[in-house]
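Before any comments, here is the structure.
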Amino acid sequence: AAACTETDDAAPQDAVLLDRGIIGSAEVAGEIPELSRLSGAREDHVGVALCGIDGEILGAGNGREHAFPVQSISKAFAYGAAIDLHGMEHVDSVVDEEPTGEEFNALSLDPHTKKPKNPLVNIGAIRTHAMLGAEQSERTQRLRAVLDAAAGRPLELHRETFEEELGTADRNLALAYMLRAAGSMEEDAAEVVGGYVEGCAVLTTVTDLAVMAATLASGGTNPLTGERVFSRVAARQVLSVMMTCGMYDNAGDWVSDVGLPAKSGVGGGIIAALPSRFGVASYAPQLDLHGNSVRGTLFFERFSADFALHLLDGV
Ligand code: GLN
């Protein structure tokens with residue numbers, strides 16, 4: 001918790017933000033910053049939380065209580081749910097596990113296998129979502145149930161974000177239709193995108209995210225409720241893919257500088273896990289050019305360095 005000192009200490013100077021390529025309101029994925037404002041995000045919001053696998057929770061920051069859309073962090077949990085539903089082998093035959101080095105909403109479809117490159121970019125998450133049940137209602141219910149179980153409480157849907165994003169989903173619809181055109185998805189494109197977008201619009205606080213990350217760190221069991229949310233195999237696989245693909249086209253830098261499996265969302269959240277120890281999360285809504293939280297990234301760099309948490313620090 002020493003690294004989680006109060007907000008002003010944690011907030012970097014504007015020059016640092018500029019240096020990191022902090023962006024104006026219209027530059028990431030067009031509509032997304034508007035969406036984060038819909039849920040009341042403030043530019044000066046910062047929050048961090050840590051949840052041990054024994055269930056102990058620590059937190060700091062003026063944004064600690066604020067609920068914001070989980071966005072792409074839901075992708076990691078959809079992937080775990082798909083693995084537990086269908087088994088690793090089948091999921092692997094449908095969605096690959098290769099880093100893309102591309103933007104989160106890129107058309108990352110392997111030209112030979114026609115598989116999305118990984119489940120943590122939009123196209124892979126849309127394909128993963130289609131695996132969560134035979135019908136739209138079953139798929140969304142399953143995803144919502146897994147998010148709730150990982151957080152240890154029922155999470156609300158932010159209707160405005162959901163509807164706004166549904167109304168501006170051309171890019172995600174295009175990705176879904178590309179999957180169908182490639183013969184890689186049979187389900188109705190609009191229905192699958194609807195369910196995927198609903199998962200993105202679920203509201204979480206930074207504490208919820210820390211508990212969700214701790215559920216992965218513990219090998220699939222929620223440390224607060226004791227509920228097994230994922231099999232150990234699924235938790236391990238989700239964390240493996242987070243390690244290489246969770247931060248989009250910044251994944252390489254992240255592995256070097258932070259060295260923990262992580263996942264970001266354009267709502268401003270980032271989760272990371274130290275296996276068998278704890279889950280940790282940050283929230284700060286301003287995003288860099290990759291769509292990752294600027295202050296969250298700075299927090300994790302410092303947190304990992306101060307406590308020597310990089311998984312390879314033992315060398
Ligand atoms: N809902 C967003 C989208 O589909 C999620 C993107 C993200 O968080 N990186 O574009």
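A few comments on the model shown:
- Flag for residue 130 being out of contact with any strand residue (DSSP E or B) (no Cβ under 8 Å at 6 or more places or on another chain) and within 15 Å of the ligand (Cβ to nearest atom): yes
- Within the range 253-294, the set of residues being in contact (Cβ under 8 Å) with a residue 60 or more places away in the chain and over 16 Å from the mean Cα position of the chain (by Cα) comprises 276, 277, 278, 289.
- Considering the conditions (1) modelled with pLDDT under 95; (2) away from the ligand (no atom under 16 Å from the Cβ), residue 217 is excluded by exactly one of them, (1).
- Looking only at the range 171-180, and only at residues there that are within 12 Å of the ligand (Cβ to nearest atom) and aliphatic (A, V, I, L, M), the one that is nearest to residue 121 (Cα to Cα): 175
- Helices (runs of 4 or more DSSP H) (entirely within the range 196-315) containing at least 1 residues that are out of contact with any Ser or Thr (no Cβ under 6 Å at 6 or more places or on another chain), within 17 Å of residue 119 (Cβ to Cβ) and among the polar types (S, T, N, Q): 232-245
- Being in contact with an Asp or Glu (Cβ under 6 Å, 6 or more places away or on another chain), of a type in the set (A, V, I, L, M, F, W, C) and within 20 Å of residue 182 (Cβ to Cβ) is a description that does not apply to residue 106.
- Screening residue 252 with (1) more than 16 Å from the ligand (Cβ to nearest atom); (2) at pLDDT 95 or above gives one miss only, at (2).
- Residue pairs meeting the criteria (Cβ under 6 Å; at least 6 apart or on separate chains; first in contact (Cβ under 8 Å) with a residue 12 or more places away in the chain and under 16 Å from residue 134 (Cα atoms), in the range 170-188; second charged (D, E, K, R) and part of a helix (DSSP H, G or I)): 185/127
- Among the numbered conditions (1) in a helix (DSSP H, G or I); (2) within 24 Å of residue 97 (Cα to Cα); (3) not basic (Lys, Arg), the only one that residue 164 does not meet is (2).
- The listed residues are 204, 168, and the only one of them that is among the β-branched types (Val, Ile, Thr), at pLDDT below 95 and within 16 Å of the ligand (Cβ to nearest atom) turns out to be 168.
The values are calculated or read from the model by the stated rules, or taken from the named source; none is laboratory data. Keep in mind that this is a model prediction, so the values were computed, not measured. Methodologically, a virtual Cβ is constructed for each residue, glycine included, from the backbone with ideal geometry; neighbour enumeration extends over all protein chains shown.
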